[in-house]
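To start, the structure under review is shown below, and the notes come after it.
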Amino acid sequence: DTAVSQTPKYLVTQMGNDKSIKCEQNLGHDTMYWYKQDSKKFLKIMFSYNNKELIINETVPNRFSPKSPDKAHLNLHINSLELGDSAVYFCASSPLRGSSGNTIYFGEGSWLTVV
Amino acid sequence: AQSVTQLGSHVSVSEGALVLLRCNYSSSVPPYLFWYVQYPNQGLQLLLKYTSAATLVKGINGFEAEFKKSETSFHLTKPSAHMSDAAEYFCAVRGTNFGNEKLTFGTGTRLTIIP
């Protein structure tokens, strides 16, 4: 069973469209994250949720909106897609907040291409 | 703020040779340090982590890393490179402040194995 699963894995869409990436973890973790990996492979956090509560919101355009219906799911919705949004988006999860030594587990990534 | 610096964006070694990937950290408090590996078109997999226990940490696939406070380093090594080690390697530091336990990644090192 996949611990952190994301869908879709590949997504090609036109500028101006709205799209969503879904993420689910079956590890029983409390904290979930979205990271973005750009074309130079640089990884940067976008959002973090703990038990459906937003706790980290980096400098991300308002077009990006995370939604956590429950602690096992963290979806990413992107409005009015731009060429610069093309990247790989990784969902991740980790156990209890306040336990920084715990591992953060990553999904397989969602490759978004905006044309 | 915590950060890591990976020296060398590309490293090439011959099959069977020593692998050494460098990572230096900056942190005002004892850090939690991680090495992740990313194979082509795949997600991030944890290789090993340092969480203030033993300074020499052994990970998967024969990799190990040594935490050296005096040098603020956490270099990744493997005695004998294998073709399957070709991948992108990321060093990361995790925040310890409650509510900011995100992973901050280095810029990555692409490891190429020469037959």
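What follows is calculated from the coordinates using simple rules that are stated; it is not laboratory data. Every value quoted in this text rests on a predicted model; they were computed, and no experiment measured them. All Cβ positions, even for glycine, are placed from backbone atoms using ideal geometry, and neighbour counts span all protein chains on display.
How many of the residues in the range B:8-36 are surrounded by 16 or more Cβ atoms within 10 Å (Cβ to Cβ), more than 11 Å from every other protein chain (Cβ to nearest Cβ) and more than 13 Å from B:Ala65 (Cα to Cα)?
The number of residues fulfilling the criteria is 4.
Search the range B:18-46 for residues that are free of Cβ contacts under 8 Å to residues at least 40 places away in the same chain and pair each with any residue that is not hydroxyl-bearing (Ser, Thr, Tyr) when their beta-carbon atoms are under 7 Å apart and the residues are at least 6 apart or on different chains.
B:Gln42/A:Glu108; B:Gly43/A:Phe90; B:Gly43/A:Phe106; B:Gly43/A:Gly107; B:Gly43/A:Glu108; B:Gly43/A:Gly109; B:Gln45/B:Val37; B:Leu46/B:Phe34
Identify, by number, the condition in (1) in contact with a Leu (Cβ under 8 Å, 6 or more places away or on another chain); (2) within 14 Å of chain A (Cβ to nearest Cβ); (3) among the charged types (D, E, K, R) that B:Arg110 doesn't meet.
Evaluating B:Arg110 over (1) in contact with a Leu (Cβ under 8 Å, 6 or more places away or on another chain); (2) within 14 Å of chain A (Cβ to nearest Cβ); (3) among the charged types (D, E, K, R) leaves (1) as the failure.
Residues being more than 12 Å from every other protein chain (Cβ to nearest Cβ) and under 13 Å from A:Thr113 (Cα atoms): count how many of those fall in the range A:22-38.
0
Can you tell me which residue in the range A:60-82 is surrounded by the most Cβ atoms within 10 Å (Cβ to Cβ), limited to those that are farther than 9 Å from A:Ser20 by Cβ and among the charged types (D, E, K, R)?
My answer is A:Lys71.
What are the residues in the range B:25-73 that are in contact with a Lys or Arg (Cβ under 6 Å, 6 or more places away or on another chain) and outside any loop (DSSP other than H, G, I, E, B), if any?
B:Tyr32, B:Phe34, B:Gly62, B:Glu64
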